[in-house]
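Chemist: Have a look at this one.
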Amino acid sequence: MDKNRKRKIIEKEIYNKSDEDTARPKWGEQWDRELMNYLLYENSLKRVKHLANMYFKGKDCLILGGGPGESYIFKDGLCNSITLINISEKEIENAKTKYPKHTQFVMGDAEMMNFKDNSFDIVICQGVLHHLNLTTALSEIKRVLCSQGVLFIAMEPCALNPIAFIGRKFFPSNIHTPDEKPFIVRDFKNKLKKENFKEIVFEHFYLVSHSVPIFAKFTGIRNLRWLIDILVLFERFLFKTPLSELCWNFTAVYQKIE
């Protein structure tokens, strides 16, 4: 069997499984949920929503590999149209009640889409590109984006963060897949430039602050919002240095160049 086809079959099987069908822990069981939600929603996810409000208004949007997890970005009337494509039937079914009524749901392959050229103003990828063949995916994204269209990337994981690396390597969750490849930031930036995408926004998130909810889970010490706030503030300064390569994830906005 072709390697790419095998990879996609495995991805689909993993995301179609119910939580009871896997021996791995469910994503999120490794940390204190309240503290992790605080960390994410007060920082990266709040920023994603702010950027979405800047770029999505009145636009035709495609969510690549979308599921219920991206629904927090969207509110009624924000976009002219929303189309969501996913290889997993389960992810699509779980997403249907989370989005505005005019959303179109399509089961399909993000690396080989049936949409016409220049169909969308925005292509949104939240934590999905590291599951794909990046060269193939960028080619398809570029094809379906209209002239000067925007590639909106959210919460894409990085390979060099020590805490995240240990988690993926030794404590994988139910949604970690064998062929996923988190990015090295500088390589990712160079790749996007090579594929004729212009960088508009690039923001790094979380160096060590995401260890606090894990610590809280295993110690029972939960009054730690103050520590998260201090670490996040400290990280903002560190991300102005080469240590930005060690972030847990990044959010970025790119524009298609003709």
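The values are calculated or read from the model by the stated rules, or taken from the named source; none is laboratory data. Not measured: the values here are computed from a predicted model. Cβ sites come from the backbone with ideal geometry, for glycine too, and all protein chains shown count toward neighbours.
Chemist: Name the single residue, out of those in segment 54-87 being at pLDDT 90 or above and among the polar types (S, T, N, Q), that is nearest to the chain's Cα centre (by Cα).
Modeler: N86
Yes/no matrix, rows are residues, columns are (1) at pLDDT below 95; (2) surrounded by fewer than 19 Cβ atoms within 10 Å (Cβ to Cβ); (3) more than 25 Å from R33 (Cα to Cα); (4) among the acidic types (D, E):
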position	(1), (2), (3), (4)
L138	no, no, yes, no
G149	no, no, yes, no
A164	yes, no, no, no
D179	yes, yes, yes, yes
E199	no, yes, yes, yes
H204	no, no, no, no
S209	no, no, no, no
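Chemist: Still on this model: Can Y99 be described as out of contact with any His (no Cβ under 6 Å at 6 or more places or on another chain), among the hydroxyl-bearing types (S, T, Y) and closer than 21 Å to I175 by Cα?
Modeler: When the stated conditions are applied, Y99 does not pass them.
Chemist: Among the listed residues R236, R225, which satisfies the condition of being within 20 Å of V48 (Cβ to Cβ), among the basic types (K, R) and surrounded by fewer than 21 Cβ atoms within 10 Å (Cβ to Cβ)?
Modeler: Among R236, R225, only R236 is within 20 Å of V48 (Cβ to Cβ), among the basic types (K, R) and surrounded by fewer than 21 Cβ atoms within 10 Å (Cβ to Cβ).
Chemist: Shifting gears a bit: Working only within segment 29-53, note down all residues that are among the basic types (K, R) and within 16 Å of the chain's Cα centre (by Cα).
Modeler: K46, R47, K49
Chemist: Under the condition of being of a type outside the set (A, V, I, L, M), in a loop (DSSP other than H, G, I, E, B) and within 20 Å of the chain's Cα centre (by Cα), which residue from segment 101-110 is surrounded by the fewest Cβ atoms within 10 Å (Cβ to Cβ)?
Modeler: Only one residue fits best here, namely G108.
Chemist: Is it the case that some residue within segment 114-124 is of a type in the set (D, E, K, R), touching a Phe, Trp or Tyr at 6+ places or on another chain (Cβ under 7 Å) and buried (at least 19 other Cβ atoms within 10 Å of the Cβ)?
Modeler: no
Chemist: Taking the criterion of being within 18 Å of the chain's Cα centre (by Cα), among the small types (G, A, S) and within 25 Å of W27 (Cβ to Cβ), would at least one residue in segment 172-184 satisfy it? Give the steps one after another, and end with the answer.
Modeler: Let us first name the residues in segment 172-184 that are within 18 Å of the chain's Cα centre (by Cα), namely 172-184.
Okay, now just the ones that are also among the small types (G, A, S), so 173.
Filter once more, so that each one left must be within 25 Å of W27 (Cβ to Cβ): 173.
Checked against the condition, which is being within 18 Å of the chain's Cα centre (by Cα), among the small types (G, A, S) and within 25 Å of W27 (Cβ to Cβ), segment 172-184 yields at least one hit.
Rundown of residues vs (1) in contact with a Ser or Thr (Cβ under 6 Å, 6 or more places away or on another chain); (2) more than 30 Å from I214 (Cα to Cα); (3) assigned to a loop (DSSP other than H, G, I, E, B), yes/no style:
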position	(1), (2), (3)
M54	no, yes, no
K57	no, yes, yes
E70	no, no, no
Y99	yes, yes, yes
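Quick grid of which residues meet (1) assigned to a loop (DSSP other than H, G, I, E, B); (2) on the phi > 0 side of the Ramachandran plot:
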position: E93; (1), (2): no, no
position: M112; (1), (2): yes, no
position: N118; (1), (2): yes, yes
position: I122; (1), (2): no, no
position: C125; (1), (2): no, no
position: H130; (1), (2): no, no
position: L138; (1), (2): no, no
position: R143; (1), (2): no, no
position: S147; (1), (2): no, no
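Chemist: Condition first: over 25 Å from H131 (Cα atoms), touching a strand residue (DSSP E or B) at 6+ places or on another chain (Cβ under 9 Å) and either surrounded by 14 or more Cβ atoms within 10 Å (Cβ to Cβ) or of a type in the set (D, E) (or both). Can you find one or more residues in segment 186-194 that meet it?
Modeler: From segment 186-194, those over 25 Å from H131 (Cα atoms) are none; that's our starting set.
No - not one qualifying residue is present in segment 186-194.
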